[in-house]
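Dumping the structure here so I can ask a few things about it.
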Amino acid sequence: MLKEYGKLTADQFRGFIEQLPEFRRQEARLRDQVASVTKERLKELFKSGCNWSWVYELPFNEHIALVLFAFNRVGWVKNIAAAPDPHQALLDDADEDNFGIDEQGNDDFHPLFQKHDVIGLAVSMQRTVLSIMLYQRTLSGLVQEFREEGNLDAMFNAIRVDRAAIACPSIADRIALAEFAHDSQFFIRLRSALKGVQKKHWEAYNDLRYSLYVLRELGFDKLSDDQLENLLVHTLKVYPNVPGARKNLRRQYQLSKKIKTI
């Protein structure tokens, strides 16, 4: 089968983008569930050593592998990979598979992990999807760029997406250095990052940014204005059909191609 976007047909691309509203529902559902848990139950679940920040120090492929192992989905991945069209099989199964805890509240995770481990890993994946929507980068990618190149923008963006990232060893070391050096400007920026993501940033063109990330990961860096408009406006509907759409999409596309793929 001819696929317009390497590993994806246009319909499959649209299918993956159409999963994003479900991601938002799951994220909201988790917030509601946490809000309903008593303080005593939270203390019981989140014991010493339960923070998940360390996972962002891993390369993203290792992060994904760890999550799949923890949620007993290694066999599921093998079945998807063995399918004639793995991406279509993944889409077909999107509504069937429940990770971690099913609707009846039954646990379904590897015995090597405790419940607070899988809760943390689930949160880390939700935060990673949000990071892609906001910055077209995984949290692992942001932390790696800071760790290897000292890019403070990447570090503060990681904290903004998931404030738990402040406990990443590489980030904690940098905070300690700033404290030692009495770096007041650093802490002004840190305080801003700790306020989290601004709602207007979270809502504005997040599906577009996610789509551009997918394009970049698929290796498509030479799309024409016609192709961009057809894909992003008419097929995926992640950008409005307005005058100036082509110019704006070209600018976003060019900026996206400059973002590192790590």
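Suppose only helical runs count, i.e. DSSP H with n ≥ 4. What mean residue ellipticity at 222 nm does that imply for the chain under -39500 (n - 2.57) per run, divided by all residues and rounded to the nearest 500 deg cm²/dmol?
Calculated from helices alone, the mean residue ellipticity at 222 nm is -18000 deg cm²/dmol.
Nearest 0.05, what FRET efficiency do LEU45 and ALA176 give at R0 = 22 Å with Cβ-Cβ as r?
The computed FRET efficiency comes out at 0.15.
Normalised by the residues of the stretch 15-200, what does the relative contact order come to in percent, with Cα pairs under 8 Å and at least six apart?
Result for the stretch 15-200 is 24 percent.
Okay, next question. Kindly put TYR56, TYR135 in sequence by how many other C-beta atoms sit within 10 Å of each C-beta, fewest to most.
By the 10 Å Cβ count, ascending, the order reads TYR135, TYR56.
Moving on. Place the peptides 221-228, 60-67 in order of packing, highest mean first, counting for every residue the other Cβ atoms within 10 Å and averaging per peptide.
60-67, 221-228
Ordered by packing density, taken as the mean number of other Cβ atoms within 10 Å over each peptide's residues, highest first, how do 28-36, 149-157 rank?
The peptides rank, most packed first, as 149-157, 28-36.
When the dipole is taken about the Cα centre of the chain, and only Lys, Arg (+1) and Asp, Glu (-1) are charged at their Cβ, what size is it in debye, to the nearest 20?
It works out to roughly 1120 debye.
Using +1 at the C-beta of Lys and Arg and -1 at the C-beta of Asp and Glu, which of VAL143, LEU45, LEU215 has the Cα lying farthest in the positive direction of the dipole of the chain?
About the Cα centre, the residue reaching furthest to the positive side is VAL143.
If you don't mind, another one. Using the structure shown, select from LYS3/LYS78; LYS3/LYS247; LYS7/LYS258; LYS115/LYS260 the pairs with a Cα to Cα distance greater than 30 angstrom.
LYS115/LYS260
Among PRO243, LEU20, ASN61, whose Cα projects farthest towards the positive end of the dipole of the chain, with charges put on the beta-carbon of Lys, Arg (+1) and Asp, Glu (-1)?
Towards the positive end, the residue furthest out is PRO243.
Taken together, the values in this text are just the output of simple stated rules run on the coordinates, not laboratory data. Note that the structure is a prediction, hence the values are computed from the model and not measured. Neighbour counts run over all protein chains shown; Cβ positions are idealised from the backbone, glycine included.
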